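Some notes on the structure that comes next.
The values are calculated or read from the model by the stated rules, or taken from the named source; none is laboratory data. For clarity, every value in this text was computed on a predicted model and none was experimentally measured. FYI the Cβ positions are ideal-geometry reconstructions off the backbone, even for glycines, and counts take in every protein chain you see.
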Amino acid sequence: MMKSRHNVLKTALLAVSLQATILVHAFTPDVASRWNDGTTEGWSAVNATLAPYPVSNPDTYLRVSFSDRSQGGMPGMAIVKADANTAQGRFVGNYKSGGITRISFQIFCSNRLPEQARLVLHSPSSGSYWYYHLEVTEIGKWVWIDVPLDYSAGWTRDTNPLEESFNADLEDVDMVGVWIFQNQTAAQNYGLDNFVLATPRYDDDGDGMSDIAEIRAGTNPHDALSVFKLSMASTGDGITIAWPSKPGLYYNVWRSMDMKAGWMPLATEWPADSFADFTVYLDTTATDRGPYFYRVTPR
(Lines give C-alpha, C1' and ligand atoms only; values in the text may rest on other atoms or scores of the structure.)
Protein backbone atom coordinates (compact mmCIF):
# COMPACT_ATOMS: atom_id res chain seq x y z
CA MET A 1 0.00 0.00 0.00
CA MET A 2 1.36 3.45 -0.95
CA LYS A 3 2.24 5.73 1.93
CA SER A 4 1.12 9.35 1.91
CA ARG A 5 3.77 12.02 1.38
CA HIS A 6 3.39 13.13 4.99
CA ASN A 7 3.90 9.62 6.33
CA VAL A 8 6.97 9.07 4.13
CA LEU A 9 8.56 12.23 5.49
CA LYS A 10 7.46 11.45 9.04
CA THR A 11 9.16 8.04 8.82
CA ALA A 12 12.34 9.59 7.48
CA LEU A 13 12.36 12.28 10.14
CA LEU A 14 11.92 9.75 12.92
CA ALA A 15 14.81 7.75 11.56
CA VAL A 16 17.21 10.65 11.31
CA SER A 17 16.35 11.95 14.79
CA LEU A 18 18.28 9.02 16.29
CA GLN A 19 21.57 10.37 14.97
CA ALA A 20 23.89 12.13 17.40
CA THR A 21 24.12 15.89 16.99
CA ILE A 22 26.76 18.29 18.26
CA LEU A 23 25.38 21.77 18.83
CA VAL A 24 27.36 24.96 18.50
CA HIS A 25 25.67 27.62 20.63
CA ALA A 26 26.86 30.53 18.56
CA PHE A 27 24.14 33.16 18.75
CA THR A 28 24.61 35.88 21.32
CA PRO A 29 21.95 36.13 24.06
CA ASP A 30 19.49 38.99 23.54
CA VAL A 31 20.90 39.75 20.09
CA ALA A 32 18.96 38.79 16.95
CA SER A 33 20.55 36.35 14.50
CA ARG A 34 19.89 37.28 10.88
CA TRP A 35 20.68 35.86 7.45
CA ASN A 36 20.80 38.46 4.69
CA ASP A 37 24.27 38.44 3.16
CA GLY A 38 23.52 37.37 -0.40
CA THR A 39 24.97 33.85 -0.14
CA THR A 40 23.54 30.49 0.81
CA GLU A 41 25.76 30.75 3.92
CA GLY A 42 25.50 27.02 4.55
CA TRP A 43 21.72 26.83 4.15
CA SER A 44 20.65 23.64 2.41
CA ALA A 45 17.51 21.74 1.49
CA VAL A 46 16.28 18.16 1.72
CA ASN A 47 13.36 16.36 0.13
CA ALA A 48 10.77 13.97 1.56
CA THR A 49 13.34 11.23 2.12
CA LEU A 50 15.91 13.70 3.53
CA ALA A 51 18.02 13.44 0.38
CA PRO A 52 19.73 16.69 -0.69
CA TYR A 53 17.48 19.01 -2.67
CA PRO A 54 18.96 21.80 -4.83
CA VAL A 55 18.78 25.33 -3.43
CA SER A 56 20.27 28.34 -5.19
CA ASN A 57 21.03 31.98 -4.47
CA PRO A 58 20.28 33.83 -7.71
CA ASP A 59 19.99 37.37 -6.38
CA THR A 60 20.73 37.70 -2.66
CA TYR A 61 17.97 35.30 -1.62
CA LEU A 62 17.49 31.55 -1.29
CA ARG A 63 15.45 29.88 -4.02
CA VAL A 64 13.96 26.40 -4.15
CA SER A 65 12.49 25.23 -7.47
CA PHE A 66 10.06 22.46 -8.31
CA SER A 67 10.13 21.04 -11.83
CA ASP A 68 7.12 20.31 -14.03
CA ARG A 69 5.79 16.88 -13.05
CA SER A 70 2.70 16.88 -15.24
CA GLN A 71 4.01 13.89 -17.20
CA GLY A 72 4.04 11.75 -14.08
CA GLY A 73 5.25 11.72 -10.50
CA MET A 74 4.07 13.10 -7.21
CA PRO A 75 4.31 16.81 -6.39
CA GLY A 76 7.55 17.54 -4.59
CA MET A 77 8.37 19.07 -1.25
CA ALA A 78 11.51 20.46 0.32
CA ILE A 79 12.72 21.78 3.65
CA VAL A 80 15.08 24.73 3.30
CA LYS A 81 16.98 24.52 6.56
CA ALA A 82 19.69 25.95 8.77
CA ASP A 83 21.40 23.60 11.19
CA ALA A 84 24.63 23.27 13.14
CA ASN A 85 26.59 23.51 9.88
CA THR A 86 25.05 26.87 8.96
CA ALA A 87 27.16 29.94 9.66
CA GLN A 88 28.89 28.21 12.57
CA GLY A 89 25.50 27.21 13.99
CA ARG A 90 24.23 30.70 14.78
CA PHE A 91 20.63 29.60 14.21
CA VAL A 92 20.77 26.67 16.64
CA GLY A 93 21.12 26.32 20.38
CA ASN A 94 19.07 27.32 23.41
CA TYR A 95 16.35 29.69 22.17
CA LYS A 96 15.11 30.26 25.72
CA SER A 97 18.40 31.42 27.22
CA GLY A 98 19.19 33.27 24.00
CA GLY A 99 16.06 35.38 24.40
CA ILE A 100 14.62 34.31 21.04
CA THR A 101 10.87 34.95 21.02
CA ARG A 102 9.96 35.24 17.34
CA ILE A 103 11.06 34.04 13.91
CA SER A 104 10.64 36.42 10.97
CA PHE A 105 11.45 36.02 7.28
CA GLN A 106 10.28 36.95 3.81
CA ILE A 107 8.79 34.49 1.34
CA PHE A 108 8.17 34.87 -2.41
CA CYS A 109 5.84 32.76 -4.59
CA SER A 110 6.67 33.17 -8.27
CA ASN A 111 3.57 31.78 -9.97
CA ARG A 112 1.62 29.66 -7.47
CA LEU A 113 0.88 29.54 -3.79
CA PRO A 114 2.31 26.42 -2.15
CA GLU A 115 -0.05 23.58 -1.35
CA GLN A 116 1.25 23.99 2.20
CA ALA A 117 4.07 25.84 3.89
CA ARG A 118 5.31 25.29 7.43
CA LEU A 119 7.97 26.59 9.72
CA VAL A 120 9.71 23.63 11.33
CA LEU A 121 12.00 23.22 14.36
CA HIS A 122 13.84 20.10 15.49
CA SER A 123 15.15 19.31 18.96
CA PRO A 124 17.63 16.44 19.42
CA SER A 125 16.73 16.22 23.10
CA SER A 126 13.30 14.76 22.34
CA GLY A 127 13.80 13.86 18.69
CA SER A 128 10.71 15.97 17.91
CA TYR A 129 9.86 18.11 14.90
CA TRP A 130 7.55 21.02 15.69
CA TYR A 131 5.47 22.60 12.93
CA TYR A 132 3.76 25.95 12.43
CA HIS A 133 1.42 26.28 9.45
CA LEU A 134 2.15 29.43 7.45
CA GLU A 135 -0.55 31.54 5.84
CA VAL A 136 0.93 32.41 2.43
CA THR A 137 -1.65 34.30 0.38
CA GLU A 138 0.12 36.45 -2.23
CA ILE A 139 1.85 35.72 -5.53
CA GLY A 140 4.54 37.79 -7.22
CA LYS A 141 5.67 39.86 -4.21
CA TRP A 142 7.83 39.46 -1.14
CA VAL A 143 5.72 38.93 1.96
CA TRP A 144 6.88 39.11 5.58
CA ILE A 145 6.06 36.20 7.90
CA ASP A 146 6.22 36.74 11.68
CA VAL A 147 5.88 33.65 13.88
CA PRO A 148 5.88 33.86 17.68
CA LEU A 149 7.73 31.11 19.55
CA ASP A 150 4.68 30.65 21.72
CA TYR A 151 2.93 27.28 21.94
CA SER A 152 -0.50 28.95 21.99
CA ALA A 153 0.17 30.50 18.56
CA GLY A 154 -0.45 27.10 16.96
CA TRP A 155 2.74 25.04 17.15
CA THR A 156 2.21 21.29 16.95
CA ARG A 157 4.01 18.00 16.43
CA ASP A 158 2.91 14.54 15.28
CA THR A 159 2.47 13.03 18.74
CA ASN A 160 1.58 14.44 22.16
CA PRO A 161 2.06 18.16 21.40
CA LEU A 162 2.16 19.51 24.96
CA GLU A 163 3.10 23.06 25.89
CA GLU A 164 5.72 21.96 28.42
CA SER A 165 7.32 19.73 25.77
CA PHE A 166 7.47 22.63 23.31
CA ASN A 167 9.09 24.94 25.85
CA ALA A 168 11.61 22.26 26.82
CA ASP A 169 12.53 21.64 23.19
CA LEU A 170 13.16 25.36 22.63
CA GLU A 171 16.09 24.95 25.00
CA ASP A 172 17.81 22.62 22.50
CA VAL A 173 17.21 23.39 18.81
CA ASP A 174 19.54 21.92 16.20
CA MET A 175 17.56 22.79 13.05
CA VAL A 176 15.13 25.44 11.85
CA GLY A 177 13.66 25.47 8.38
CA VAL A 178 10.80 26.27 6.02
CA TRP A 179 8.92 23.26 4.62
CA ILE A 180 7.32 23.90 1.21
CA PHE A 181 4.89 21.60 -0.59
CA GLN A 182 4.61 21.90 -4.38
CA ASN A 183 1.15 23.02 -5.56
CA GLN A 184 -0.01 20.24 -7.93
CA THR A 185 2.53 19.44 -10.64
CA ALA A 186 3.34 22.68 -12.53
CA ALA A 187 6.86 24.13 -12.36
CA GLN A 188 7.15 26.74 -9.60
CA ASN A 189 9.75 28.69 -7.62
CA TYR A 190 9.81 30.01 -4.06
CA GLY A 191 12.21 32.42 -2.44
CA LEU A 192 13.29 33.04 1.17
CA ASP A 193 15.10 36.10 2.48
CA ASN A 194 15.88 38.10 5.63
CA PHE A 195 15.59 35.18 8.02
CA VAL A 196 15.73 36.42 11.63
CA LEU A 197 15.71 34.87 15.07
CA ALA A 198 14.32 37.90 16.87
CA THR A 199 14.52 39.03 20.50
CA PRO A 200 11.86 41.12 22.30
CA ARG A 201 13.84 44.31 21.69
CA TYR A 202 14.59 43.61 18.02
CA ASP A 203 13.57 46.54 15.79
CA ASP A 204 13.76 45.45 12.15
CA ASP A 205 12.87 48.79 10.58
CA GLY A 206 14.81 50.95 13.05
CA ASP A 207 11.88 53.24 13.88
CA GLY A 208 12.45 53.01 17.64
CA MET A 209 9.60 50.58 18.32
CA SER A 210 10.32 46.86 18.73
CA ASP A 211 8.79 44.35 16.32
CA ILE A 212 6.68 42.81 19.06
CA ALA A 213 5.31 46.22 20.09
CA GLU A 214 4.48 47.06 16.48
CA ILE A 215 2.67 43.78 15.94
CA ARG A 216 0.65 44.40 19.10
CA ALA A 217 -0.16 47.93 17.94
CA GLY A 218 -1.08 46.91 14.39
CA THR A 219 1.74 48.65 12.51
CA ASN A 220 4.20 47.01 10.12
CA PRO A 221 7.44 46.11 11.98
CA HIS A 222 9.30 46.00 8.65
CA ASP A 223 8.34 49.49 7.40
CA ALA A 224 9.88 52.54 9.06
CA LEU A 225 7.05 54.70 7.70
CA SER A 226 4.45 52.59 9.49
CA VAL A 227 4.49 54.04 13.01
CA PHE A 228 1.96 54.13 15.83
CA LYS A 229 1.04 57.77 16.29
CA LEU A 230 -2.18 59.68 16.87
CA SER A 231 -3.74 62.37 14.74
CA MET A 232 -6.36 64.69 16.22
CA ALA A 233 -9.00 67.06 14.83
CA SER A 234 -11.64 69.24 16.43
CA THR A 235 -15.18 68.88 15.09
CA GLY A 236 -18.55 70.28 16.01
CA ASP A 237 -19.30 67.07 17.90
CA GLY A 238 -16.09 66.97 19.93
CA ILE A 239 -12.54 65.82 19.16
CA THR A 240 -11.74 63.02 16.72
CA ILE A 241 -8.58 60.98 17.18
CA ALA A 242 -7.26 58.40 14.72
CA TRP A 243 -4.39 55.92 14.72
CA PRO A 244 -3.00 53.18 12.43
CA SER A 245 -4.52 49.80 13.22
CA LYS A 246 -5.07 46.26 12.04
CA PRO A 247 -8.42 44.41 11.85
CA GLY A 248 -8.97 42.05 14.75
CA LEU A 249 -7.11 44.15 17.30
CA TYR A 250 -8.55 46.14 20.20
CA TYR A 251 -7.38 49.34 21.86
CA ASN A 252 -7.86 51.30 25.09
CA VAL A 253 -8.41 55.06 24.78
CA TRP A 254 -7.43 57.47 27.57
CA ARG A 255 -7.72 61.23 28.08
CA SER A 256 -6.17 63.76 30.44
CA MET A 257 -6.61 67.47 30.92
CA ASP A 258 -3.67 67.56 33.31
CA MET A 259 -1.18 64.73 32.84
CA LYS A 260 0.13 65.21 36.39
CA ALA A 261 -3.34 64.28 37.64
CA GLY A 262 -3.45 61.04 35.67
CA TRP A 263 -5.52 59.58 32.82
CA MET A 264 -9.24 58.91 32.53
CA PRO A 265 -10.37 55.88 30.47
CA LEU A 266 -12.70 56.78 27.60
CA ALA A 267 -13.01 53.38 25.94
CA THR A 268 -11.80 49.87 26.68
CA GLU A 269 -11.37 47.20 24.01
CA TRP A 270 -12.31 49.62 21.23
CA PRO A 271 -12.29 47.46 18.05
CA ALA A 272 -10.04 48.27 15.12
CA ASP A 273 -11.81 49.27 11.93
CA SER A 274 -12.34 46.09 9.89
CA PHE A 275 -12.24 47.89 6.55
CA ALA A 276 -9.50 50.51 6.93
CA ASP A 277 -5.89 50.91 7.98
CA PHE A 278 -6.88 53.49 10.60
CA THR A 279 -9.30 53.42 13.52
CA VAL A 280 -11.21 56.53 14.61
CA TYR A 281 -12.64 57.48 18.00
CA LEU A 282 -14.85 60.51 18.63
CA ASP A 283 -14.65 62.05 22.09
CA THR A 284 -18.05 63.72 22.39
CA THR A 285 -17.31 64.86 25.97
CA ALA A 286 -14.54 67.22 24.84
CA THR A 287 -16.76 70.28 24.64
CA ASP A 288 -14.88 73.04 26.44
CA ARG A 289 -11.55 74.73 25.67
CA GLY A 290 -9.34 72.00 27.12
CA PRO A 291 -6.46 71.36 26.91
CA TYR A 292 -6.95 67.67 26.03
CA PHE A 293 -4.27 65.00 25.89
CA TYR A 294 -4.96 61.51 24.51
CA ARG A 295 -3.29 58.15 24.80
CA VAL A 296 -4.14 54.93 22.96
CA THR A 297 -2.73 51.55 23.97
CA PRO A 298 -3.25 48.11 22.38
CA ARG A 299 -5.28 45.81 24.55
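Just one of the numbered conditions (1) at pLDDT 90 or above; (2) crowded, with 16+ Cβ neighbours inside 10 Å is not true of Arg69: (2).
Within the range 133-161, how many residues are assigned to a loop (DSSP other than H, G, I, E, B), exposed (fewer than 11 other Cβ atoms within 10 Å of the Cβ) and not polar (S, T, N, Q)? Talk me through it step by step, then tell me what you get.
Of all residues in the range 133-161, those assigned to a loop (DSSP other than H, G, I, E, B) come to 134-141, 149-150, 154-155, 157-161.
After this cut, where a residue has to be exposed (fewer than 11 other Cβ atoms within 10 Å of the Cβ) as well, the list is 135, 137, 140-141, 159-160.
Those left that are additionally not polar (S, T, N, Q): 135, 140-141.
Summing the residues that are assigned to a loop (DSSP other than H, G, I, E, B), exposed (fewer than 11 other Cβ atoms within 10 Å of the Cβ) and not polar (S, T, N, Q) in the range 133-161 gives 3.
Among the residues of the range 233-290, those that are in contact (Cβ under 8 Å) with a residue 12 or more places away in the chain and among the charged types (D, E, K, R) comprise Asp237, Lys246, Arg255, Glu269, Asp273, Asp277, Asp283. Residues that are in contact with a Lys or Arg (Cβ under 7 Å, 6 or more places away or on another chain) and of a type outside the set (Asp, Glu) within the range 196-233 comprise Val196, Ala198, Ser210, Ile212, Gly218, listed in sequence order. Just so you know, in the range 191-234 the residues that are under 18 Å from the mean Cα position of the chain (by Cα) and among the hydroxyl-bearing types (Ser, Thr, Tyr) include one that is nearest to Lys96 (Cα to Cα), and it is Thr199.
Suppose we keep only residues that are assigned to a loop (DSSP other than H, G, I, E, B) and out of contact with any helix residue (DSSP H, G or I) (no Cβ under 9 Å at 6 or more places or on another chain) within the range 224-239. Which one would you say is surrounded by the fewest Cβ atoms within 10 Å (Cβ to Cβ)?
Going through the range 224-239, the residues assigned to a loop (DSSP other than H, G, I, E, B) turn out to be 224-230, 236-237.
Okay, now just the ones that are also out of contact with any helix residue (DSSP H, G or I) (no Cβ under 9 Å at 6 or more places or on another chain), so 224-225, 229-230, 236-237.
Working: Ala224: 14, Leu225: 8, Lys229: 9, Leu230: 13, Gly236: 4, Asp237: 11.
Among those residues, the one meeting the criterion is Gly236.
Of the listed requirements (1) modelled with pLDDT of 75 or more; (2) in a loop (DSSP other than H, G, I, E, B); (3) not charged (D, E, K, R), Ala78 misses just one: (2). Close Cβ contacts (under 8 Å, 6 or more residues apart or on different chains) running from residues in the range 188-209 that are without any contact (Cβ under 8 Å) to a residue 40 or more places away in the chain to residues that are buried (at least 22 other Cβ atoms within 10 Å of the Cβ) and assigned to a loop (DSSP other than H, G, I, E, B) comprise Asp203/Pro221; Asp205/Pro221; Met209/Thr219; Met209/Pro221. Within the range 197-220, does at least one residue satisfy the condition of being part of a strand (DSSP E or B) and modelled with pLDDT under 95? Yes, because at least one residue in the range 197-220 is part of a strand (DSSP E or B) and modelled with pLDDT under 95. If you go through the range 183-203 one residue at a time, how many are within 25 Å of Val64 (Cα to Cα) and not aliphatic (A, V, I, L, M)? So the answer is 10. For the range 282-299, a residue qualifies if it is out of contact with any Gly (no Cβ under 9 Å at 6 or more places or on another chain) and closer than 23 Å to Met209 by Cα, and the qualifying residues are Phe293, Tyr294, Arg295, Val296, Thr297, Arg299. Within the range 99-132, the residues that satisfy the criterion of being in a strand (DSSP E or B), over 12 Å from the mean Cα position of the chain (by Cα) and polar (S, T, N, Q) are Gln116, Ser123, Ser128. If we keep just the residues of the range 103-130 that are under 22 Å from Ala187 (Cβ atoms) and out of contact with any Leu (no Cβ under 9 Å at 6 or more places or on another chain), which is surrounded by the most Cβ atoms within 10 Å (Cβ to Cβ)? Per the stated criteria, the residue is Cys109. Within the range 261-299, the set of residues being loosely packed, with under 12 Cβ neighbours inside 10 Å, among the hydrophobic types (A, V, I, L, M, F, W, C) and part of a loop (DSSP other than H, G, I, E, B) comprises Phe275 only. Of the residues screened, Pro58 is not one that is in a loop (DSSP other than H, G, I, E, B) and either surrounded by 14 or more Cβ atoms within 10 Å (Cβ to Cβ) or among the hydroxyl-bearing types (Ser, Thr, Tyr) (or both).
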